[in-house]
Amino acid sequence: LAMYLSDEDRTKIRAAYQVADAAHLGQFRQTGEPYITHPIAVATLCATWKLDSQSIMAALLHDVLEDTGTDKVTLATELGASVANLVGGLSNLDKLHFDSKEAQQAESFRKMLLAMADDVRVILVKLADRLHNLSTMETLSLAKRRRIAHETLEIYAPIAHRLALDGSYRQLQDL
């Protein structure tokens, strides 16, 4: 996955993959693919950005707290507190619920900035997650695709631009 990482880091990433694979066993994306293909794609993108092993592990696990019976304490015990905190930060971004689209967008932006202040890796993994989700939206309704596209242009693309991720910024805009 990432040749710039040590053997020890690759072993930790394999362990994270095994936890994610077991947790998502039997789950499928709307495309019909096994769900684990999504975390693998997100982790691969993080590896191409040369993120550290903890970020790649968090990418593999980014939906585990929300979509499976796995809890943060278990992740911390099995994979370390730092990885569990990154995954928790990603889950917190996805738990936001609002009364209006405008409030949702403003609050999402605020939460992203707060998370960035705590650990920018949360934002980087979230951007990789958004990029992959955008590339696989064909099965969603037109209304949902429009909502996701608008949110991407209003929130995620500007953050990528501010982080000087020019390639990702352009991809987010194009997708």
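The values are calculated or read from the model by the stated rules, or taken from the named source; none is laboratory data. Keep in mind that this is a model prediction, so the values were computed, not measured. Cβ: placed from backbone, ideal geometry, glycine included. Neighbour counts: every protein chain shown. The area values use the complete protein model at the heavy-atom level, side chains included, leaving out ligands, DNA and RNA. Shrake-Rupley method; radii C 1.70, N 1.55, O 1.52, S 1.80 Å.
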Top-ranked residue of segment 116-125 - restricted to ones that are open to solvent by 20 Å² or more (accessible area, probe 1.4 Å), within 16 Å of the chain's Cα centre (by Cα) and not charged (D, E, K, R), ranked as modelled with the lowest pLDDT: M116
The lone exception for L60 - which of (1) within 21 Å of H132 (Cβ to Cβ); (2) open to solvent by 60 Å² or more (accessible area, probe 1.4 Å); (3) in a helix (DSSP H, G or I); (4) not polar (S, T, N, Q) it fails: (2)
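Restricting to segment 44-76, what's the tally of residues that are of a type in the set (A, V, I, L, M, F, W, C) and touching a residue at least 60 places away in the same chain (Cβ under 8 Å)? Spell out how you get there, then give the answer.
Kept after step one, since they are of a type in the set (A, V, I, L, M, F, W, C), are these residues of segment 44-76: 45-47, 49, 51, 56-61, 64-65, 73, 75-76.
Next, only the ones that are touching a residue at least 60 places away in the same chain (Cβ under 8 Å) stay: 45-46, 49, 51, 58-59.
Looking only at that region, the number is 6.
Every residue, every condition in (1) outside any loop (DSSP other than H, G, I, E, B); (2) acidic (D, E); (3) farther than 26 Å from T37 by Cα; (4) at pLDDT below 80, yes or no:
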residue	(1), (2), (3), (4)
F98	no, no, yes, yes
L127	yes, no, no, no
E151	yes, yes, no, no
Y156	yes, no, no, no
Y169	yes, no, no, no
Residues (assigned to a helix (DSSP H, G or I) and either without any contact (Cβ under 8 Å) to a residue 24 or more places away in the chain or in contact with a Lys or Arg (Cβ under 7 Å, 6 or more places away or on another chain) (or both)) located in segment 129-146: M137, L142, A143, K144, R145, R146
Those residues of segment 22-41 which are polar (S, T, N, Q) and either open to solvent by less than 40 Å² (accessible area, probe 1.4 Å) or touching a residue at least 60 places away in the same chain (Cβ under 8 Å) (or both), in sequence order: Q30, T31
Residue within segment 45-57 that is open to solvent by less than 40 Å² (accessible area, probe 1.4 Å), touching a Cys at 6+ places or on another chain (Cβ under 7 Å), modelled with pLDDT of 95 or more and of a type in the set (S, T, Y) present: yes
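For L86, state whether it is crowded, with 17+ Cβ neighbours inside 10 Å and part of a loop (DSSP other than H, G, I, E, B).
On the way: crowded, with 17+ Cβ neighbours inside 10 Å: yes; part of a loop (DSSP other than H, G, I, E, B): no.
No; evaluated as a whole, the condition is false for this residue.
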